[in-house]
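Right, one structure below, let's go through it.
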Amino acid sequence: MTGFNKVGSSRDPLWYKDAVIYELHVKAFYDANHDGIGDFPGLLEKLDYLQDLGVTCLWLLPFFPSPLKDDGYDISDYTSVHPSYGTLDDFQAFLNAAHSRDMQVMVELVVNHTSDQHPWFQAARLAPPGSPERNFYVWSDTDRKYRDARIIFTDTEKSNWTWDPDAKAYYWHRFFSHQPDLNYDNPAVLAEIIRVMRFWLDMGVDGLRLDAIPYLVERDGTNCENLPETHVILKQIRAAMDSGFQNRMILAEANQLPSDVRPYFGDSDECHMAFHFPLMPRIFMALRSENRQPIVEIMRQTPEIPEACQWGLFLRNHDELTLEMVNDEERDYMYLAYSADPRMRLNVGIRRRLAPLLDNNPRRIELLNSLLFSFPGTPIIYYGDEIGMGDNIHLGDRNGVRTPMQWSADRNAGFSTAAADQLYSPVIADPVYGYAALNVEAQLEHSSSLLHWTRNMIGLRKLFRVFGRGSMDFLLPSNQKVLAYLRRTPTEQVLCVANLSRFPQPVELDLQAFAGMQPVEMMGYTEFPVIGQQPYPLTLGPYGYFWFELQRPS
Amino acid sequence: MAQPSIVSEAASSAPLAPVEMLVAAPNLTPEEIRAPAHLDFVHSPDNLLEEIQTRQARGAIVLGSPASALSGSPSIIANFTHPILEQGFDLAIGRYSEGRFDGLINKALVYPLTRALYGLQIHYPSALDFSFSSKLADVLTVNAPGSTPLRGPFLSAAVAAGLRICEVNPGFAREAPKEARDLSSLLADALGPLFADMERNASLWQRSRASQPVPQFGAAVELIEPEQPSDVDISKLVDAFARGYKDLFEVWAQVLSPRTLLDLKKLARLAPTDFRFPDESWTRLVYEFALGHRQRLMSREHLLRSLTPLYLAWVASYALEVHEASSDVVDRRLERLCLTFEAGKPYLVSRWRWPDRFNP
């Protein structure tokens with residue numbers, strides 16, 4: 001039964017602006033029933049760890065029934081739980097436990113496509129052309145419609161059309177051929193999606209990540225991305241959410257340039273949040289080239305968004321490090337810089353985890369995380385990156401970055417007590433990133449570990465609302481290797497300075513506007529010299545960074 | 001001033017008297033070294049340093065150019081003795097007049113690199129003709145035993161010891177060696193010792209900043225123009241680079257930075273008419289080869305030989321730029337290259353001191 005204005009677990013309608021989101025795959029997190037696959041009871045057991053880490057919102061990758069040809073993004077039943085991960089009751093128990101720890105939960109709403117095993121598609125292919133069942137998907141007698149639409153999974157798909165011998169027609173799919181696109185020109189499709197959305201919101205889910213929404217609608221003569229009709233649909237989804245549920249959130253997955261993402265916020269009547277995809281590769285570019293320009297430039301191109309809306313920031317996620325939103329030269333540079341081995345490349349991206357991308361250098365890892373936690377938006381941490389997990393490029397597709405969480409040096413990394421060959425994926429066991437040394441248990445014991453550092457940084461960030469809600473202005477010192485920016489709200493002013501270089505750097509900052517204020521370094525609460533009229537000199541160590549509160553001198 | 005004297009080794013059986021200077025000229029016979037100069041001729045330049053000590057000579061001259069170039073040898077010898085015996089220099093290196101397309105390995109690599117490293121504008125660091133003092137000989141004997149005139153670190157040893165260095169126009173145009181050798185071998189022979197020298201003298205070359213000119217002796221050098229200018233067809237050079245790009249990219253990727261590899265990728269896309277190899281890219285590339293050589297990322301011989309298509313790309317770019325240019329423009333063009341090497345030196349120093357594959 002739909003609740004009228006059913007309030008979410010947070011009392012703050014803008015909870016997502018202060019959130020620290022943790023992205024995880026249920027199957028990869030913890031196996032409670034010893035079958036080699038993570039599950040909801042296992043995830044529930046690990047909530048204390050997540051609470052202790054300090055994250056405030058858990059984003060769960062798809063856990064619905066699925067043939068699992070695309071790791072769950074090929075859904076065959078929207079309103080159930082894959083038996084490998086548990087039951088709806090298990091999910092509800094987990095959700096309640098998360099809420100009792102003041103953590104919100106976001107789940108996927110894969111709106112663009114289903115599995116070809118979904119009953120809707122099974123019915124559609126056998127239904128007569130023009131029938132309501134048939135029209136749930138996009139069909140054509142030829143494969144020549146929508147020719148300007150690019151292929152997204154370039155490594156595996158040669159066309160966005162596939163012939164179905166039972167339907168005797170082509171069906172449209174922007175992703176794998178086993179993921180036929182839903183037809184949003186059919187109102188019945190939207191009605192079903194809204195029904196699915198209400199199902200999960202009724203259970204108490206706080207957020208929904210709308211997967212692949214730029215591709216909802218197709219029109220000939222266009223590239224079939226970001227079409228106006230897509231926004232009509234999103235407004236309806238949002239309206240349906242708002243009419244029945246309070247303090248929920250929709251996060252848009254729209255891998256587009258910032259100006260093309262802006263419409264997905266609407267006038268605060270579409271999505272609450274959207275990933276800032278183009279920023280992410282530019283952070284890596286800036287680091288490797290030791291030049292702030294790529295970051296500054298993309299932020300300059302980032303439009304203002306409505307007050308109640310928020311960018312989602314991330315360094316890595318479950319997919320390849322996408323290079324779709326950079327130009328050819330930038331893409332070439334990223335490939336040369338970060339994927340010398342061609343096996344690391346997938347589609348238009350690099351399928352590696354954060355630590356291996358950064359050569360496992362702790363300073364680089366901390367520096368990039370310092371940007372993640374201090375840039376304007378909500379940070380999203382990918383599971384395992386808090387301990388610097390590695391990857392396995394020999395596993396197919398993107399599975400190399402979806403290996404079991406490394407909890408301890410015990411067998412199977414403490415993830416499962418099943419036999420090793422039963423695990424859904426091998427654990428990382430190489431000499432550098434292997435679970436024997438790199439695991440949560442060891443890092444909890446070691447106070448200088450990345451885990452402790454991440455926990456401390458999350459804690460520090462949560463003390464200052466300015467990071468999630470404040471403005472951002474760049475200072476542009478002559479030393480291009482230094483990235484300096486101000487974050488401000490009416491009550492908080494923070495100066496962040498980051499050295500993108502592997503060597504110490506001097507910098508002089510124009511802080512005249514803050515003359516008389518005193519920078520207080522946040523981590524050690526150390527007072528720095530009061531700002532005067534002259535350029536403010538700082539020296540930063542290799543990959544060093546400062547977060548300063550600007551205060552009146554004591 | 002005592003005159004240098006010639007003594008025929010074959011004729012003398014008595015102990016040899018101290019002499020002013022010795023001369024080693026592997027391509028000449030004692031008879032071809034004509035009067036009026038009297039010098040002691042050392043047949044094998046390999047023993048020159050020892051002979052200087054034994055004969056208590058004040059120095060020696062090495063004439064390594066082909067015999068045809070040395071036909072005016074008495075005056076040539078005088079050109080080389082004067083800076084050492086009368087002006088007190090310790091090393092006088094030949095500086096030649098030559099054409100714009102002569103000595104390209106020197107123009108592209110040896111000169112700008114050595115100039116940036118040691119801070120001295122020595123135009124032919126590997127000149128085959130030079131003279132040096134007994135003081136330098138002593139330095140070499142101690143610091144680089146086994147050095148021979150044609151294989152010794154004369155320049156770097158002189159710089160390290162703070163000795164006085166100058167250039168001499170020997171009075172003849174530079175000739176290429178008659179013996180035909182493949183380009184890859186020439187490059188390896190030119191760069192191998194230079195890179196090895198860099199390892200030995202890292203603490204020396206990393207200290208110098210901007211370069212300085214050195215005193216000049218002899219007539220001013222000039223750009224020799226051909227009697228008839230010829231057309232320049234760089235298509236074969238560009239093709240050679242394209243083939244190298246295809247075949248050797250993975251080898252280059254082991255030593256070159258992402259930024260340099262990206263520059264090469266862009267270069268490979270250029271049509272011959274637009275073929276320009278930016279000085280900054282070339283400089284960085286040469287420095288990265290030096291770093292790769294030091295780090296032994298692969299067989300050094302293989303590394304040096306893999307430079308060949310890249311060098312040909314530089315030659316193509318240079319030829320396209322200067323083939324119709326005036327001599328002033330050619331001079332300025334080469335000077336610009338040298339300045340780029342100097343400006344890029346901090347990059348070399350930082351990467352040398354902190355080898356890390358995670359670099360721009």
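Values in this text are rule-based calculations from the coordinates and carry no lab data. What you are looking at is a predicted structure, and each value in this text was computed from that prediction instead of being measured. Glycine also receives a Cβ, built like all others from the backbone with ideal geometry; neighbour counts cover every protein chain displayed.
Summary of values
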quantity: Stokes-Einstein diffusion coefficient of segment A:220-279, Kirkwood radius over Cα pairs, 25 °C, 0.890 mPa s, in µm²/s; calculated: 202 µm²/s
quantity: Dipole magnitude of the protein assembly as shown, debye to nearest 20 (Cβ charges: Lys/Arg +1, Asp/Glu -1, about Cα centre); calculated: 1260 debye
quantity: Per-peptide average of other Cβ atoms within 10 Å, ordering B:255-267, B:189-201 highest first; calculated: B:255-267, B:189-201
quantity: Long pairs among A:K27/A:K145; A:K158/B:K246; A:K17/A:K69, criterion Cα-Cα beyond 30 Å; calculated: A:K27/A:K145; A:K17/A:K69
quantity: Rg and Dmax of segment A:437-554, Cα atoms only, in Å; calculated: 15.7, 51
quantity: Exposure proxy order (Cβ contacts within 10 Å, fewest to most) of A:E366, B:E20; calculated: A:E366, B:E20
quantity: Per-selection metrics, segment A:74-205 (Cα): Rg and Dmax in Å; calculated: 17.2, 54
quantity: Dipole axis of segment B:246-337 (+1 Lys, Arg; -1 Asp, Glu on Cβ), positive-most option in B:Y311, B:V286, B:Q254; calculated: B:Q254
quantity: Cα Rg over Rh - chain B, Kirkwood; calculated: 0.99
quantity: Whole-percent pair-distance distribution, where bins are 5 Å wide, for the alpha carbons of segment A:1-143; calculated: 2, 9, 16, 18, 16, 14, 10, 7, 5, 3, 1, 0
quantity: Phi to ³J(HN,Hα) by Karplus 6.51 cos²θ - 1.76 cosθ + 1.60 over segment B:86-93, Hz, x for Gly, Pro; calculated: 10, 9, x, 7, 9, 8, 10, 9
quantity: Peptide B:240-253 - average C-beta neighbours from other chains (10 Å radius); calculated: 0
quantity: Farthest toward positive dipole pole in segment A:445-554 [+1 Lys/Arg, -1 Asp/Glu at C-beta], among A:P542, A:H446, A:P529; calculated: A:H446
quantity: Segment A:13-168 - charge dipole about Cα centre, Lys and Arg +1 at Cβ, Asp and Glu -1, debye rounded to 20; calculated: 700 debye
quantity: At 1.002 mPa s and 20 °C, Stokes diffusion of segment A:215-336 via Kirkwood alpha-carbon radius, µm² per second; calculated: 136 µm²/s
quantity: Given charges at Cβ of Lys, Arg, Asp, Glu: chain B dipole, positive-most of B:A240, B:M198, B:G64; calculated: B:M198
quantity: Net dipole in debye of chain B [+1 Lys, Arg Cβ; -1 Asp, Glu Cβ; about Cα centre; nearest 20]; calculated: 1540 debye
quantity: Longest DSSP-loop-exposure-free segment, trypsin sites (Lys or Arg not before Pro), chain A, at most 16 other Cβ within 10 Å; calculated: A:220-464
quantity: Radius ratio Rg over Rh of segment A:131-217, counting only Cα atoms, Kirkwood formula for Rh; calculated: 1.02
quantity: Cα-based radius of gyration of segment B:45-137 once divided by 2.2 N^0.38 Å, which approximates compact folds; calculated: 1.16
quantity: Segment A:418-471-segment A:367-388 distance, computed between alpha-carbon centres (Å); calculated: 11 Å
quantity: Simple label model, 7 Å out from Cα along Cβ direction - B:E250 to A:T539, nm; calculated: 4.6 nm
quantity: Å³ per residue enclosed by the Cα convex hull of the protein assembly as shown; calculated: 212 Å³
quantity: Relative contact order of segment B:221-360, defined on C-alpha pairs under 8 angstrom at six or more residues apart (%); calculated: 37 percent
quantity: Sorted by Cβ neighbour density within 10 Å, fewest at the top, the residues B:V142, A:V261, A:V296, A:V348; calculated: B:V142, A:V296, A:V348, A:V261
quantity: Which of A:H394, B:H293 has the fewest Cβ neighbours within 10 Å, and the rest in rising order; calculated: A:H394, B:H293
quantity: Debye equation applied to the C-alpha atoms of segment B:216-360, log10 I(q)/I(0) at 0.19 Å⁻¹; calculated: -1.18
quantity: Distance between segment A:78-128 and segment A:288-322 - C-alpha centres, whole angstrom; calculated: 30 Å
